[in-house]
1. Which lysines, on any chain, are close to A:K43 with Cα under 20 Å apart, when same-chain ones fewer than 8 places away are left out?
2. Semi-axes of the equivalent ellipsoid of the protein assembly as shown: what are they in whole Å, largest first, if each equals the square root of 5 times a C-alpha gyration tensor eigenvalue?
3. Sort A:E16, A:E6, B:E80 so that the residue with the fewest other Cβ atoms within 10 Å of its own Cβ comes first and the one with the most comes last.
4. Report the FRET efficiency, 1/(1 + (r/R0)^6), for B:T5 and A:T115, where r is their Cβ-Cβ distance and R0 is 30 Å, rounded to 0.05.
5. Where the centre of each part is set by its Cα atoms, how far does segment A:36-78 sit from segment B:22-96, in angstrom?
Amino acid sequence: QVQLQESGPGLVNPSETLSLTCSISGGSINNYYWTWIRQSPGKGLEWLGHIYSRGSTIYNPSLRSRLTLSVDMSKNEFSVKVNSVTATDTAVYYCARLQFPRGYMDVWGRGTTVTVSS
Amino acid sequence: EAVLTQSPGTLSLSPGERATLSCRASHGVSSAYLAWYQQKPGQAPRLLMYGGSTRATGIPDRFSGSESGTDFTLTISRLEPEDFAIYYCQQYDSSLSVTFGGGTKVEIK
């Protein structure tokens, strides 16, 4: 059974870069799409982007200029970086597996809370 | 990209009652690319339905999905105590982008 676990700093200073990693266990990263979604406090779900195991990416157009997704197949993990963060980037960040071509997320991590504050 | 509008924002019902949740797309969305999720407080979303009407693994048959044009409906035939949660619809469009609706909260009346 595939399981996902997010990791990274829980507190990031404004204007700095938020970096999170999603570790995959119980399955391979290969031949799947992997995605990041966030949820601001008390708000709905916002898709950030997804990456195929071989590295091709699709980003949310509203965040594209600040996002970088990457994959490390040797470690069976993928990552997200958000540049120039502000308080509005404070959220619970989830990683998930996206089933292509239907585009639904069938496996989710538990989420990790990131607060942007000095 | 399509905007998904969910209604109502909050649905107050009693256990045993029927819940009908709506997800309206601003323009053409195929049910093949429409999914529903359930989220409980402090938990990650859980996939309920994909392809508009296909239940995910382990989802009980009291959950069903349907489509009428650009309107998608999630129906819970008889609410169980564990069904009180927030529900989101989600679509995957031709540009390979993902969009979520704003959610419907199903609360105990």
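1. Result set, ordered by chain and number: B:K40, B:K105.
2. 29, 19, 17
3. So the ranking, lowest neighbour count to highest, is B:E80, A:E16, A:E6.
4. 0.50
5. When both Cα centres are located, 22 Å separates them.
Since every read-out is calculated from the coordinates, none of them should be taken as a lab result. What you are looking at is a predicted structure, and each value in this text was computed from that prediction instead of being measured. All Cβ positions, glycine included, derive from the backbone under ideal geometry; neighbour counts span all protein chains shown.
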